[in-house]
1. Residue A:23: within 23 Å of the chain's Cα centre (by Cα) and within 20 Å of residue A:311 (Cβ to Cβ), yes or no?
2. As an exercise: evaluate residue A:41 against (1) more than 30 Å from residue B:342 (Cα to Cα); (2) touching a residue at least 40 places away in the same chain (Cβ under 8 Å) and give the number of the one condition it does not meet.
3. Looking for something over 30 Å from residue B:217 (Cα atoms) and more than 10 Å from every other protein chain (Cβ to nearest Cβ) - is there at least one such residue anywhere in the range B:68-88?
4. Which of the following residues is in contact with a strand residue (DSSP E or B) (Cβ under 9 Å, 6 or more places away or on another chain), of a type in the set (D, E, K, R) and in contact (Cβ under 8 Å) with a residue 24 or more places away in the chain: B:245, B:200?
5. Kindly check whether there is at least one residue in the range B:243-254 that is surrounded by fewer than 24 Cβ atoms within 10 Å (Cβ to Cβ) and away from chain A (no Cβ under 14 Å).
6. How about the range A:272-293: which of its residues are free of Cβ contacts under 8 Å to residues at least 40 places away in the same chain and more than 22 Å from residue A:235 (Cβ to Cβ)?
7. Which of the residues that make up the range A:6-30 are loosely packed, with under 13 Cβ neighbours inside 10 Å and either assigned to a helix (DSSP H, G or I) or aromatic (Phe, Trp, Tyr) (or both)?
8. Looking only at the range A:217-227, decide whether some residue is crowded, with 17+ Cβ neighbours inside 10 Å, more than 22 Å from the chain's Cα centre (by Cα) and not in a helix (DSSP H, G or I).
2 protein chains.
Amino acid sequence: MTLLAKTIKRIEPLDEEAMAKARERLEQLTMPYWALGRLMDLALELAGMTRSVRPEVENRTVVIMAGDHGVVDQGVSKYPREVTAQMVRNFINGGAGISAMARVADAEVVVVDMGVASDLDHLVEQGLLISRKARPGTFDMSVGPAMTREEAAQSVEAGIELALELADTTQIFGTGDMGIGNTTPSSAIVASITGSDPKEVTGRGTGIDDEQLTHKIEVIERSLHVNKPDPRDPLDVLAKVGGFEIGGIAGLILGAASARRPVVIDGFISTAGALIAHGLHPMAADYMIAAHLSVERGHRIALDYLGKKPLMQLDLRLGEGTGAALAMTLVEAAYRILTEVATFEEAAVSTAEGS
Amino acid sequence: MTLLAKTIKRIEPLDEEAMAKARERLEQLTMPYWALGRLMDLALELAGMTRSVRPEVENRTVVIMAGDHGVVDQGVSKYPREVTAQMVRNFINGGAGISAMARVADAEVVVVDMGVASDLDHLVEQGLLISRKARPGTFDMSVGPAMTREEAAQSVEAGIELALELADTTQIFGTGDMGIGNTTPSSAIVASITGSDPKEVTGRGTGIDDEQLTHKIEVIERSLHVNKPDPRDPLDVLAKVGGFEIGGIAGLILGAASARRPVVIDGFISTAGALIAHGLHPMAADYMIAAHLSVERGHRIALDYLGKKPLMQLDLRLGEGTGAALAMTLVEAAYRILTEVATFEEAAVSTAEGS
């Protein structure tokens, strides 16, 4: 049995007993019923995911999957391809958006080269970068498949392996991405899997203008037409219109779910990875926490498809795991509500109606 | 000149120079233009409030103003009056919702007795509680003014004094409240100042049913009819249909603004206090950061009136400063974006169009 098949088999439903116990405690806390709203919903889910009424979330890791995209040759991004590698260095040097946001959340940042189109061996040798590089960038999906089916499976399994290795020191995962041009394959994935018109799920990425957006939509339509990905076969979708980092994200989610670790999903690209993970095993969605609703058009459609309601809406459109890192503070809040707030009885506070 | 008049005079507009410098840096950060959205807006505002491109926000204090309400005699709340004092003890013992949320944000919690209807002297003597107690609870506003105009001014000045004292050790303030029944005066304040129908701005507070809600609206309508507060005179509104803790919150905001300290506004009751502060000096709103949109009906109308867009929407309805504490993590994020993220030049990252 493949690692992917084994991992899928290991994913179990949320633990109803832990959730029932958590609910019982949450309902007795010294506050009006469910007065901390969605944070209490999240506390319940954490209990279910971790099988514990003390769902520890202190050790946090944001994993940034990086990869390049052949389709950038079609002029779908404002930025040149080499920015992917430059940003990898920026992550490692601690100067990127995610570097700052991870400090807010007291999270570790792990950077993975899933398929960057630059030689980053020196960083790997120094132990600063993990390499699971498939190839220096995908093929141009507008003329044929972005990768082979084997490569798609390997990118997902690389993500699984990383999740399982990191699970020893990680209580909560966050997903992150870096890859110039990667809103284009992400929109193609979302269009394919949710059955949406590419127009409805294609946005401005790093900030293209109207003309470039029209062109980007055409490229996505062409990619879908040329490749005809089968939406019921997530590895086929990933191979034909995906990316190595997107496969890595899908694997990270599956691995986290199999290890009963909550995984905070960042923005649009991460959610495209989440759609692949969900396609491989719908129950993986039970372990996902949607961090925020991105500016990127199509994110809401993808989250709705997964049945996930984002925790924040801050007009973010950076990726890198920035939204996931921020949302980890809300996950900590949920944990503290469940474990640190006194019950009416413990605090000798009168309940409603003076009873 | 009174402390209130002096304080109002000291409030200055946001510093345009600091904001321009902050904007210049934010536009050069290694990310697409304004890709961290509202957090970058917030970073700009912080620079303007603090007159600095390094708007330190490390020392954080949530001030919980507590007070009781005569109008509770009319049966407007699900909980008995003594819960106010019981919750004050819970805050001090660290077992309340705010205790847990303050730990998430690494914030200090200061509790102030503005007018609790219980003897809490022993806590004051032990240095665990600050007393600015006007009286053990307001009068029943449904039969006459909740307090005298002098008491209203004193409650605001008490808040100002506290802000000025705490400003030495506080770089960012959060507002909090505790007072059984205090959504009732808050709704009356919002109705009066924004000119809204009480029906539109009255919610379920701690969780009353339909019948109790109808009754609560009637009590608010009666209070406004009996007292006829003058919406252009915020001290008149506070005196007639307010509360001691709401006056304290208004004062805290004015004091913070005069000391150029950002102040994170919690939920509905805090926003009622913010309306009083804004009425006394509209420029106080420049120093307010709206933490979240509460479940409480009327909160959106009050925030719109102040021109404030909430950072979060998590279905919170607890008060105590819980939302304010959580939002402090986003304020920290804004600070870190402005001060820790590298520019394209610093990180040697290519800019858009490969230029």
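Every read-out reported here was derived from the displayed coordinates using simple, explicitly stated rules and does not represent laboratory data. As the structure is a computational prediction, the values presented were derived from the model and not from experiment. We place every Cβ from the backbone using ideal geometry, glycine too, and count neighbours over all the protein chains shown.
1. On the way: within 23 Å of the chain's Cα centre (by Cα): no; within 20 Å of residue A:311 (Cβ to Cβ): yes.
No, not satisfied.
2. Status for residue A:41: all satisfied but (2).
3. Looking through the range B:68-88, none of the residues is over 30 Å from residue B:217 (Cα atoms) and more than 10 Å from every other protein chain (Cβ to nearest Cβ).
4. B:245
5. No.
6. A:290, A:292, A:293 - these are the residues of the range A:272-293 that are free of Cβ contacts under 8 Å to residues at least 40 places away in the same chain and more than 22 Å from residue A:235 (Cβ to Cβ).
7. Those that are loosely packed, with under 13 Cβ neighbours inside 10 Å and either assigned to a helix (DSSP H, G or I) or aromatic (Phe, Trp, Tyr) (or both): A:6, A:9, A:16, A:17, A:24.
8. no
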